[in-house]
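**Student:** The structure is given below, and queries will be raised subsequently.
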Amino acid sequence: MLRSQIESLLFASIKPLASRSIFNVLKKSQPELKFETVEQELKNLFVEYSESSRGIVLIESEGQYQFTTSADNSDLIKQFLKDDRSGELTQPSLETLTIIAYRGPVSKPVIEQIRGVNCSLILRNLLIRGLVQADGEEPELFFSVTPEFLKYLGIVSVKELPDYEKLHVVENLEQFLDNRQAEEVQELKK
Amino acid sequence: MFKIKTEKFSGPLDLLLQLIDQQQLDITEISIAQVTDSYISHLEQLQDKDPEELSDFLVMAARLLVMKSKAILPIFEEEEIFDDLEAQLKIYKEFLDASRKIAEMIKLEKFLYSRIKPAIDLSVEFSPSDNITAENLKQSFMYLLKKLDPLVKIPQKLFDKTISLQQKILHLQAFISHAEKSSLKELLKDAKSKSDIIVSFLAMLELVKQKQLIVRQSKLFDDIIFEKNK
């Protein structure tokens, strides 16, 4: 019952829906409902669609869900909608996007530490293109990829990226970032 | 000397990786120190880079020089100079490789499509609401201009922050043509920022390399005296 309600809401919505907003809608008629229950049902629905071979898939990014057409039918729908986008990004944008996809939510200083170069302009461009989103308040902004990014790549979740688990938590990287942070603190003390 | 086109690398780490790769070396501290000279020679091609980015390239040059001097002068080993450039380079390479895979995925153009808002049929007409007055429009426009201020002003600040290496070399050449003999302390007297100091030092090294300058230092951490090479 709950699962079918959630499915209908997702179908009726034009924008990706956050689990929190789905919960808020349902709570109005079901005051007893728990947020965790909604989250769990969303996960079940996600698995259900991942395992099916239908023309519609459910994508998930940072707790936002959306129904899309499946990657198998991309060419057909591209033709039908007369979509003339091309699959190309500049090298700096790609690098930045990759770091955000594997490490998100990630702060600008960390992205710049990995790339070794200032990323302000590139981040702004990616924000404008809707491929990344920034949450939090300046200067504590955290960047993550959007459902739009998933749709661009043809995957339902960042977990489908090659070597996701390996690059999501890179042991060397955690240590490296810790060292850099310790250094900065020391410099401030001086 | 290996030539790499400026547009072909996306940052100092990318340039460094390409230089190491071209000499078919593994990523180690020693191989990083080996490509320092070619790295610095590539800085000249960077004049038209965005100033903020250029300073990142210069900071990297300074890190390389510290690493290289550490390799040459055993005296430094006692000190705790710890630069994890090797680790940073390896991590960067992991993400660079991943970004190539992502590029391949995007190239397949397997876009997913979600529902789109139906286009609403609107007839165009001009129907301003009552509160749109000349005064209100002016207020809104002024407000908008004010919001743009930080966007316009920041680049100028960034620009001021960065001093081009070439400019510094010219400055240093002029400096010694007046003075014949001077010291690093004297040269850095008017330095405004860390990157200013780094660039001045790089400029001095460059002129030593070009045999225009001779430098002397009587003991460790003493002031560096330099004079024109006649």
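The values are calculated or read from the model by the stated rules, or taken from the named source; none is laboratory data. Everything numeric in this text was worked out from a predicted model, so none of it was measured. Cβ atoms come from the backbone with ideal geometry, glycine included; neighbour counts cover every protein chain shown.
**Student:** Among the numbered criteria (1) in a loop (DSSP other than H, G, I, E, B); (2) within 8 Å of another protein chain (Cβ to nearest Cβ); (3) under 19 Å from the mean Cα position of the chain (by Cα), which single criterion is violated by A:Glu137?
**Tutor:** The single condition A:Glu137 does not satisfy is (2).
**Student:** Taking A:Asp83 as meeting all but one of (1) more than 9 Å from every other protein chain (Cβ to nearest Cβ); (2) not in a helix (DSSP H, G or I), write down the number of the exception.
**Tutor:** (1)
Yes or no, residue by residue, for (1) away from chain B (no Cβ under 11 Å); (2) within 30 Å of B:Leu13 (Cβ to Cβ):
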{"site": "A:Ser21", "(1), (2)": "yes, no"}
{"site": "A:Glu32", "(1), (2)": "yes, no"}
{"site": "A:Asn44", "(1), (2)": "yes, no"}
{"site": "A:Leu58", "(1), (2)": "no, no"}
{"site": "A:Ser74", "(1), (2)": "no, no"}
{"site": "A:Gln79", "(1), (2)": "yes, no"}
{"site": "A:Leu89", "(1), (2)": "no, yes"}
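**Student:** Would you call A:Glu95 among the acidic types (Asp, Glu) and under 28 Å from A:Leu173 (Cβ atoms)?
**Tutor:** yes
**Student:** On to the next question. Can you pull out every residue in region A:62-84 that is in contact with an Asp or Glu (Cβ under 9 Å, 6 or more places away or on another chain) and in contact (Cβ under 8 Å) with a residue 40 or more places away in the chain?
**Tutor:** Listed by number, the residues that qualify are A:Glu62, A:Gly63, A:Gln66, A:Phe67, A:Ser74.
**Student:** On to the next question. Can you name every residue in region A:91-121 that is at the interface with chain B (Cβ under 7 Å from one of its Cβ atoms), among the aliphatic types (A, V, I, L, M) and either within 18 Å of A:Asp178 (Cβ to Cβ) or part of a loop (DSSP other than H, G, I, E, B) (or both)?
**Tutor:** The answer is A:Ile99, A:Ile114, A:Val117.
Let's see how each residue does on (1) modelled with pLDDT of 95 or more; (2) crowded, with 16+ Cβ neighbours inside 10 Å; (3) closer than 30 Å to B:Glu94 by Cβ:
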{"position": "A:Phe23", "(1), (2), (3)": "yes, yes, no"}
{"position": "A:Ser29", "(1), (2), (3)": "no, no, no"}
{"position": "A:Glu32", "(1), (2), (3)": "no, no, no"}
{"position": "A:Ser50", "(1), (2), (3)": "no, no, yes"}
{"position": "A:Glu60", "(1), (2), (3)": "yes, yes, yes"}
{"position": "A:Thr69", "(1), (2), (3)": "yes, yes, no"}
{"position": "A:Lys78", "(1), (2), (3)": "no, yes, no"}
{"position": "A:Gln91", "(1), (2), (3)": "no, yes, yes"}
{"position": "A:Thr98", "(1), (2), (3)": "yes, yes, yes"}
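**Student:** Filter region B:180-204 for residues that are in contact with a strand residue (DSSP E or B) (Cβ under 8 Å, 6 or more places away or on another chain) and exposed (fewer than 13 other Cβ atoms within 10 Å of the Cβ); which is farthest from B:Phe221 (Cα to Cα)?
**Tutor:** Result: B:Glu180.
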